[in-house]
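Please read the structure below before turning to the comments.
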Amino acid sequence: MKGFTRLANTDFVFQEFESVEGSSVEQNGKSLIDFGTSAYLGLSFDITNEDLEVARKWGLRNHWSRISGNNALTRELEIELEKGTGIDCVRLAQSISLINLTILKSIGRLFDSILIDEDAHITIKLGTGVLSKKDKVSYFPNNDIAFLEEKFLSMSNDSKKLIIIDGVYSMKGNLAKVSRLLELCKKYNAYLLIDDAHGFGVIGEKGHGVIDSLPKEDLDRVIYVGSFSKCASNPVAFIGFNKELKTQIDNYTPCLIYSGPPSNLHVGISLRHFKNFTSNEFREKRELIKYFSKRLHHFCQTNNIKTLSSSDFPLLSASIKEKELENIIEILKRVGIFAKPAIFPVVRRGDEIIRFSLTAMHSLEQISTLESALYEARHLFNPMEIN
Ligand SMILES: Cc1ncc(COP(=O)(O)O)c(C=O)c1O
């Protein structure tokens, strides 16, 4: 049995936890350190009385689908995101998956060719299903700028191209080469759509992910998809784009027309968090997880444990042989660790990995426990490239 079918009756997928407390979860009465969480800034439990007041004022949800009406709270967060990031227009949505699955419906027809990084998130790939002309779509090897340039050289410069990438590749934990891709965009008449689910809030001086320090002329070529769901464990996603795309995206993206925005409680919390992104408190959180990542990657390097990830991001990813999955999980659970494996169909066959996310809720002691577990399981990881 392969893929999800093989995993269906094991405890590797759709796991259940009896309780969650900070960076620990309880499963079958046993406490596990949660390295499967993506709540990077450790804000999961940050719900204040002020937030509850906001929800009492506005009600739990925008009362209308977006095409019918939008309350001022929803717009306030959109405007703050526009001012903060420098992107012309921002629209909230309930999840990045919803955006990814429907965005090509609205913008697909504007482009002659759509080039997707092979390691981009599965919801982007599934989102191409709405295109009537599927032959517009092609894939390029992860972060392979030379390959893309070669491809562009074979195309007319008049044809409009869209490159689609992840800001941080969530399986390997490596970063996209955004500046170099934008150089290509300017040279070859292309736009860049970035799914920055993991980068937003977590990387950059201001916490604005991989677009943190981009000049305005570069931002104008970007369609940016971000979310508070990873950085702050809060289901509030958004899409940002330049004003030329406004009509097309506002009028034709299903999740921005037929659905409401995220709940007022969640939007209120995201607004408070976003206003704090540049505070010392949030900078320190980002510094802490960067430190954890540097330490852990250094440990792996000195102990000859091969990682796929870069220490620039708080996620450690190692390649595994699918047949070793049970052994690895068994070792991890025995020492009290929960982590996320990814196998086909989430990743391509042969690209199976296990990932450990590092958050501001973790302690140094928990990082040391992870180091010991990685050491114990080191013979089970695939010897692949070291970053
Ligand atoms: C790169 C990437 N995009 C999108 C998603 C899905 O995000 P959401 O939960 O907002 O739908 C994930 C979730 O793991 C992700 O890693």
Problem set entry | Coil-residue GluC sites (Glu not before Pro) of the range 122-225, DSSP, other Cβ within 10 Å capped at 12 | 205
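Can you give the net charge of the other residues whose Cβ lies under 10 Å from the Cβ of residue 199, counting K and R as +1 and D and E as -1? Present the calculation step by step, with values, prior to reporting the outcome.
Working: positive: 230; negative: 166, 195, 196, 212.
Local net charge: -3.
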Exercise. What is the local net charge at residue 67, summed over the other residues whose Cβ is closer than 13 Å to its Cβ (Lys, Arg +1; Asp, Glu -1)?
Worked result: +1
Exercise. List the aspartates and glutamates whose alpha-carbon lies under 12 Å from that of residue 134, not counting same-chain residues fewer than 8 positions away?
Worked result: 112
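Per the helix-only calculation at 222 nm, which mean residue ellipticity applies to the chain, given -39500 (n - 2.57) for every DSSP H run of n ≥ 4 and division by its residues, nearest 500 deg cm²/dmol?
-10500 deg cm²/dmol
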Problem set entry | Rounded to the nearest 10 Å², the accessible area of residue 23 at probe 1.4 Å | 10
Problem set entry | Proximal charge balance of residue 84 [Cβ under 10 Å; K/R count +1, D/E count -1] | +1
For this session: Give, rounded to the nearest 20 debye, the magnitude of the charge dipole that the chain has about its Cα centre when Lys and Arg contribute +1 at Cβ and Asp and Glu contribute -1 at Cβ.
Result: 760
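The values are calculated or read from the model by the stated rules, or taken from the named source; none is laboratory data. Keep in mind it's a predicted model, so treat the numbers as computed, not measured. Reconstructed Cβ throughout: ideal geometry from the backbone, glycine too, with neighbour counts over all protein chains shown. For accessibility, only protein heavy atoms count, side chains too; no ligands or nucleic acids. Shrake-Rupley method; radii C 1.70, N 1.55, O 1.52, S 1.80 Å.
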